[in-house]
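The values are calculated or read from the model by the stated rules, or taken from the named source; none is laboratory data. These numbers come from a predicted model, not from an experiment. We place every Cβ from the backbone using ideal geometry, glycine too, and count neighbours over all the protein chains shown.
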Amino acid sequence: MGTSVKTDVGTSVMWNEDWASQAACRVSQPDQLFVRGAEQNKAKKMCAGCPVKAECLAEALENQIEWGVWGGMTERERRALLKRNPNAKWRAVLEQARVGAAAKPVTV
């Protein structure tokens with residue numbers, strides 16, 4: 001189940017509590033996400049279009065997971081983010097970012 005938030009433009013944005021079962025990487029070999037160097041860029045590409053990227057990243061940040069690519073970020077990128085914002089509530093931050101993105105009008 002997930003939680004739904006209404007935005008000012010009436011769209012509904014879901015936070016997926018069961019995110020792991022819907023992750024783009026669920027069908028890949030887990031070792032593909034726990035690589036070093038240039039291989040991390042390949043792993044991050046797997047995350048690019050993932051529908052639960054924010055949930056995955058929140059999990060890694062909230063639990064300070066030290067290894068692997070989670071939510072499109074390497075361990076080094078996550079460490080830097082945690083250092084800049086040590087007391088952040090990451091789920092709340094990422095939920096708010098998602099709501100803000102959904103509220104912006106799309107121009108073509």
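General remarks:
- Hits in segment 43-98 - residues which are touching a residue at least 40 places away in the same chain (Cβ under 8 Å) and buried (at least 16 other Cβ atoms within 10 Å of the Cβ): Ala54, Glu55, Glu59, Arg91, Leu94, Glu95, Arg98
- When the test is whether a residue is at pLDDT below 90 and in contact with a helix residue (DSSP H, G or I) (Cβ under 8 Å, 6 or more places away or on another chain), Trp70 does not pass it.
- Total residues in segment 35-79 satisfying the condition of being of a type in the set (A, V, I, L, M, F, W, C), in a helix (DSSP H, G or I) and under 10 Å from the mean Cα position of the chain (by Cα): the figure is 7.
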